[in-house]
Every structure is written in structure tokens, then in C-alpha cells.
């Protein structure tokens, strides 16, 4: 078996955004870049959104709303930017919160 060479110009994937990447207290500004794709995790379906904090790129997974598990982050971002991921561009203010001992990122505006 002969393996094909790697494609040129493909860099490393951005890391996933975690609560520890945001300020421990107060507000962090995340810049959404208008890129994303659908994702599926053990917590349900959602969207992976490309974003930046300062000059570092991340992938932020936001779970879709479902009847049994609402997603305030998705609802707020959908109401602000609409259904076209290419229009999900701009600064969003978030903060680190905790629920049942687990930290998460919450959209505050």
C-alpha cells in the first residue's frame, strides 16, 4: 500500500474552547468568525463555531435547543445572528459559570 502525501497548506486544527480559556471572573469577549459546521456529541447535536479570543483561534461547540434540554447560548446567538452561519460574525460577551460542579461558558449579551 502506498500512502498519498499530506495536502499542502493544511495547518493544525484549532483547539476546542473550554471554560478555562475564558476569564475566571468577569466578562470575556469572543470574536465569532462566521465559520462553522454541524457537530454531534454525546450531549446532542450542535454546531462547532470558529472564534477568537485575543489572537488565538478556537472551536466553540454550542448545543442546539431540544424540547427536553434548552440551550440558552444557542437561542441567544440565533436571535442575534440568524440562521446563516456566515452571518455569525462579531464580538460576543461571555462569562464562566458553574452548574452542578461543572464549569461552562455562558453568553451574557
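Determine one quarter of the surface area of the Cα convex hull of the chain, which equals its mean projected area, and express it in nm² to one decimal.
Numbers: hull surface 38.2 nm².
With the hull built on Cα positions only, its mean projection is 9.6 nm².
For an R0 of 35 angstrom, estimate the FRET efficiency from the Cβ-Cβ distance between residue 109 and residue 2 and round to the nearest 0.05. Write out the running numbers ahead of the final one.
Working: r = 53 Å, r/R0 = 1.53.
Calculated value: 0.05.
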Response to the item:
Contour minus Cα-Cα span, residue 64 to residue 86, at 0.36 nm per residue, comes to 6.2 nm
Worksheet item: In degrees, nearest 10, range 0 to 90: what is the angle between the Cα axis of helix 72-81 and the longest Cα principal axis of the chain?
Response: 70 degrees
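Give the order of 61, 28 when sorted by the count of other beta carbons within 10 angstrom, beginning with the fewest. Don't skip to the answer; put the middle values down first.
Values: 61 15, 28 18.
Fewest-to-most Cβ neighbours within 10 Å comes out as 61, 28.
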Worksheet item: So what is the calculated 222 nm ellipticity per residue for the chain, using -39500 (n - 2.57) for each DSSP H run with n of 4 or more, over all residues, to the nearest 500 deg cm²/dmol?
Response: -2500 deg cm²/dmol
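Read-outs: derived from the displayed coordinates by stated rules, not from any lab. Fair warning: this is a prediction, and the values are worked out from it, not measured in the lab. FYI the Cβ positions are ideal-geometry reconstructions off the backbone, even for glycines, and counts take in every protein chain you see.
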